[in-house]
Structure formats: structure tokens, C-alpha cells
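Take a look at the structure set out below.
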Amino acid sequence: MIKNHLIACALFVAFLTGCQTTATLSPTSKIPPSNGVVIFKMNSNTPSIGFFQYWKGANVSAVGKNNYKNFVIGYSSGGNSRTAVYLGSLPEGEYRLTGFSSEQCGAVCISSSIELPESIGTFEVKAGKITELGHLLYDQIDASKSLIVPGKSTDNWAARYLTTFYPNIITSFQPQEMLHWKVANPMLQQLYSSVRADSKGLLRPSQTGDGSVLFGSYLGAVRMWRPGKPIVNFDTGIQGAIESVTELAQDVWLAGSENGQLVQTVDGGRTWELLSSGFPGFSITGLYTYKGKVFATASNRNEMSIYRRTESNSNWAMVYKQKLAFSFWTGVSKLSETKMYKGKLVTTLPSEALVVTDMDSELSVERKFPGGLADFALGQDGVLRCIATKSIAANPYESHDWGKTWIDSKHSRFMSLPYFVDEKTGYGLQGELMAATADLSVSIDGGLTWKSQGPMPYRTPRFSYIEKSNVLFATDDYNKVVFSRDGGKSWY
């Protein structure tokens, strides 16, 4: 549900610009007959603006003789993990987006904002009509410069979104008669294509039969990497994040998005077909193949489900379903994560539980982490490892019986969660949090003792291993991949 956010205006600001009026809609809002609806979505091409971290308000100003009227439209992340959908009701008139703002308050209040130039264009609102402004992209150029560019929608996403989350609007408006930008900047449209083509993110690596690695990304691309080769982007056509991808056969890849959409390629990423997933309002955060079956993990803030189908049949059957519950003291609320090892799926139920699914019998059992979950890992030794908060401090734990019991891990609580390439050999990072690099720690006795092997070239905390070519690689989840062929002694 969209949350209402009232932006208070100081008197001198009100004198200069006029105080902003909240124009946010909830699923039960009654829209005045003199108003229209505005909807658009925004994605970030940076890791710094992720789940729960988008600017809360889209600032809108009327143009022309009523340019003293200012409004703020709140956002909804229903069904999305990295996309913010802005939805509001405005009186008839012509408007432009002036920027985005947010204020987060805890022990202290932190405000952030970004302004948009008038050249972004204007849009018109009419009574009883929906104005759909398509897809906006945010990209960080450098430490002091950022960019927001609008692009056209490539599918009927707005009508689907409103039907799923705001049926009251669909019953009162005609989505097939939507308005769009009244005046659009053609140069920004070209910039939109350039930003989209550079879709970043290295989400949930998945290996292929030829030794390549596939990743999801922030702006709808499947990314492929081979050791020693540059990363290649394949645009799936999805206007949102690709959260997971897996290989079904040679050049046949299945990818899942944050908004419950599945796409498939049969020609190694050159062309993509949109499939019906049946997971509306969920992010597909895990795709795994096993003995002719495909397993999918679909989650949002409220629940997590595991589905199964055969590789040759597109009909999904539910294997497991569980409601999610978050608490301030029991971990950070985030989407479920799934790992696989030898016929076992392990899926987090944020923020204190996990579920272990036997992929042969398709039976699931729920277990507990030793505290509020911060992170977890499952390497090629079949040992579950996590960082969890039992009371105040976060500490490392491990389980050798699929979560039935947990013991303290031997590595330092100041080391990243290690990744084991076999039952004896594991790798992790240790060093100061804000440092540009960190030391690589290596264990050759199953994690009982650890030895420093020198600094990594970059602070890349996520390790994995390509069995086909015996290559250890590490990523920063964003745009950096480094690899080693000699057990971490040298990196490229």
C-alpha cells in the first residue's frame, strides 16, 4: 500500500514556491470527479538505491498561470524489489516533474533530494483519465552528478499494475485511453536508451554448461561473463530488474524479474519471449534446475512461495508457501534468498527462519536461524553459514544439519561470510569496513583455522566457483568481477 507523506513547508519556502499538497493515492482512495490519475515507475542503475530506499516523494508543479501549485506524489513498491511506482491524483491542468525528495527519521533525520530541469517536458492531466509517464531511469554519473531520464513503456504495465493493486481506479477509469507526455525531450529519450543498454548489477550468479556465468541486473538485462572476457549485456525487454536466471539447455535461458514476469531465450540471449508466470506482485528471486525440474522462489514483503514445473511444461505447481513477518529487533526486512546444494533448496524466511526443501520429494521443513538474520551462505561443502543477531551484536554461526542446530563459527565476526569450494577450502574477506581493499582469508581445514593470503584487488565480498574450469571468482554485486585460477594467490 502506498504510504502518505506530507511535506512540511517553511514559511519562506511557502512564500516562494507554494506549499506542496499530498496527491498520493491508496487502494481505497476516492478520486474527485474533477481529477485525473498520474502513474509512472522509476528504476535505479546504481546499488545505492535499492529495496526500501527510493525517494518517497515525486514533486510535481503546475505550469502556466497556475504554476504556484505544487504537489507531492508518494510511491508504492508492491510487487517490486527495485522499482518505485509513483501514483497520484491531480486536478485538470498541465504539469511537470520537478524532482524527488525523501526524509528518513530514526535517531536522526536524514533528508535527500534531486531536482529535475524544465527540459524534462510536461504532461497533461484530464478529469477521469489516466496519464502514464512510462519508465524513468536514475543513473549516477560520478560522485557529484546524477541523471534521470524518461522512456516510453514497452508493454501495458500500468494497466496490469493498477488491476493488481488498485482495482478501484480501474473500475472508474479507462486504461486503454491513457494520456502520456504532452511535450517530451527527444534527447532524453536517446539518453534513456543509452542508460538502459548499460544495465548494471551482478545479481545471483548462475553457471552454464560451457563455464560462463549468468547474472541478473538492475535495468532488465541478463549479463553473461566468461573469465578473462568483458561482461556482455542481453536486453530481455523487461522494464525492471532481472532478479534471477538459469540455463535450461545450451543457449536456452530462463530469467525471472522483480514484477513476477518470466522471459526465455532459445538463442543465447539475442531474442526473448515473455512467458506467463502466474506470480503477479512477486519478485522471482531464485530459479534452479534439477533432474528435469525447474524451481522458482517468488517473494514480496508479505509472503514467500516455492513453485515447481518440468523443463518441458510451463504450468507451475506450488511446493511451499509461508507468510513473512518482520520486526525491528529481529533482522532487516528484505526479500527471500535461495541457495541450492545437491538436491536441497535452502530459502530464507526473513528475518529469523529458513525453509529446507528436498527437490526429489518436494517436501519442505521450516527451521530457525540463531537470531535475526543479516546474511547467509551455502557453499560446496553443504554447510549453512549465517551472520545473525542473538541479542545485541551480530555474530557468525554455522549448521552442519540443515539448520536443525547451530554452532559458533571459528572465523572472526569481522570477516565476511566465507564461501567453500569443497569440504576443506574456503575463502572470505577481512579488513576495515571503509577501506578500498581487504585481505583474503583462506581456510584449508574446513573453517577451523584461517590464514591471510594478501589483499584482494577490490573489495568484492561475494565469492563463487566455476567447477568446469576450477576458477574462483568474486563480485561486488554491481559491476566488478575478478577471478583467480590459483586459489586466490593472483587475481585478474
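Does GLU247 meet the test of being touching a residue at least 12 places away in the same chain (Cβ under 8 Å), surrounded by fewer than 24 Cβ atoms within 10 Å (Cβ to Cβ) and either assigned to a strand (DSSP E or B) or within 19 Å of the chain's Cα centre (by Cα) (or both)?
Here the answer is yes, as GLU247 does meet what is asked.
Applying the selection to region 208-231, what residues are surrounded by fewer than 19 Cβ atoms within 10 Å (Cβ to Cβ) and within 20 Å of the chain's Cα centre (by Cα)?
ILE231
If I go through region 290-302 residue by residue, how many of them are crowded, with 16+ Cβ neighbours inside 10 Å, more than 13 Å from MET359 (Cβ to Cβ) and not aliphatic (A, V, I, L, M)?
3
Just to be sure I understand, how many residues within region 443-467 are among the basic types (Lys, Arg) and modelled with pLDDT under 90?
The qualifying residues number 2.
Restricting attention to region 430-442, which residues are of a type in the set (A, V, I, L, M) and at pLDDT below 90?
If the condition is that a residue be of a type in the set (A, V, I, L, M) and at pLDDT below 90, then LEU433, MET434, ALA435, ALA436, ALA438 are the ones that fit.
For SER277, which of the numbered conditions (1) modelled with pLDDT of 95 or more; (2) buried (at least 19 other Cβ atoms within 10 Å of the Cβ); (3) polar (S, T, N, Q) fails to hold?
Failed condition: (1).
Which of the residues that make up region 115-145 are touching a residue at least 40 places away in the same chain (Cβ under 8 Å), within 20 Å of ALA84 (Cα to Cα) and not charged (D, E, K, R)?
Those that are touching a residue at least 40 places away in the same chain (Cβ under 8 Å), within 20 Å of ALA84 (Cα to Cα) and not charged (D, E, K, R): ILE120, PHE123, ILE130, THR131, LEU133, GLY134, HIS135, LEU136, LEU137, TYR138, GLN140.
Go through region 148-196 and count every residue that is in contact with a helix residue (DSSP H, G or I) (Cβ under 7 Å, 6 or more places away or on another chain) and polar (S, T, N, Q).
Adding up the residues that qualify gives 2.
Where in region 362-458 are there strands (runs of 3 or more DSSP E), lying fully within it, with 3 or more residues that are surrounded by fewer than 18 Cβ atoms within 10 Å (Cβ to Cβ) and either more than 26 Å from the chain's Cα centre (by Cα) or on the phi < 0 side of the Ramachandran plot (or both)?
364-368, 451-455
Is it the case that region 121-131 has a residue that's within 27 Å of GLY281 (Cβ to Cβ) and at pLDDT below 85?
Scanning region 121-131 turns up no residue that is within 27 Å of GLY281 (Cβ to Cβ) and at pLDDT below 85.
Does region 424-445 include one or more residues that are touching a residue at least 60 places away in the same chain (Cβ under 8 Å) and out of contact with any Phe, Trp or Tyr (no Cβ under 8 Å at 6 or more places or on another chain)?
Scanning region 424-445 turns up at least one residue that is touching a residue at least 60 places away in the same chain (Cβ under 8 Å) and out of contact with any Phe, Trp or Tyr (no Cβ under 8 Å at 6 or more places or on another chain).
Is region 469-477 home to any residue that is within 18 Å of GLY201 (Cβ to Cβ) and of a type in the set (Asp, Glu)?
yes
Can we say PHE51 is in contact with a Gly (Cβ under 8 Å, 6 or more places away or on another chain), among the hydrophobic types (A, V, I, L, M, F, W, C) and either more than 30 Å from GLU243 (Cβ to Cβ) or at pLDDT below 85 (or both)?
In short, no.
Of the conditions (1) within 25 Å of GLY220 (Cβ to Cβ); (2) among the basic types (Lys, Arg); (3) at pLDDT below 90, LYS339 satisfies every one except a single condition; which number is it?
Just one mismatch for LYS339, condition (3).
I'm checking my understanding of the structure. Among residues of region 344-361 that are surrounded by fewer than 21 Cβ atoms within 10 Å (Cβ to Cβ) and in contact with an Asp or Glu (Cβ under 7 Å, 6 or more places away or on another chain), which one is modelled with the highest pLDDT?
In this case the residue turns out to be LYS344.
Quick one: is THR164 surrounded by fewer than 17 Cβ atoms within 10 Å (Cβ to Cβ) and either outside any loop (DSSP other than H, G, I, E, B) or under 21 Å from the mean Cα position of the chain (by Cα) (or both)?
Judged against the criteria, THR164 is a match.
Given the structure, is GLY64 modelled with pLDDT of 70 or more, on the phi > 0 side of the Ramachandran plot and either surrounded by fewer than 16 Cβ atoms within 10 Å (Cβ to Cβ) or not β-branched (Val, Ile, Thr) (or both)?
Spelling it out, GLY64 is indeed modelled with pLDDT of 70 or more, on the phi > 0 side of the Ramachandran plot and either surrounded by fewer than 16 Cβ atoms within 10 Å (Cβ to Cβ) or not β-branched (Val, Ile, Thr) (or both).
Could you tell me which residue of region 115-161 is nearest to the chain's Cα centre (by Cα), considering only residues that are of a type in the set (Ser, Thr, Tyr) and under 21 Å from SER194 (Cα atoms)?
Selected residue: TYR138.
Restricting to region 168-201, and then to whatever is assigned to a loop (DSSP other than H, G, I, E, B) and modelled with pLDDT under 90, can you tell me which residue is nearest to TYR138 (Cα to Cα)?
ASN185
The values are calculated or read from the model by the stated rules, or taken from the named source; none is laboratory data. Source: prediction; values computed, not measured. Because the Cβ atoms are built from the backbone with ideal geometry, glycine has one as well, and the counts that use them run over all protein chains shown.
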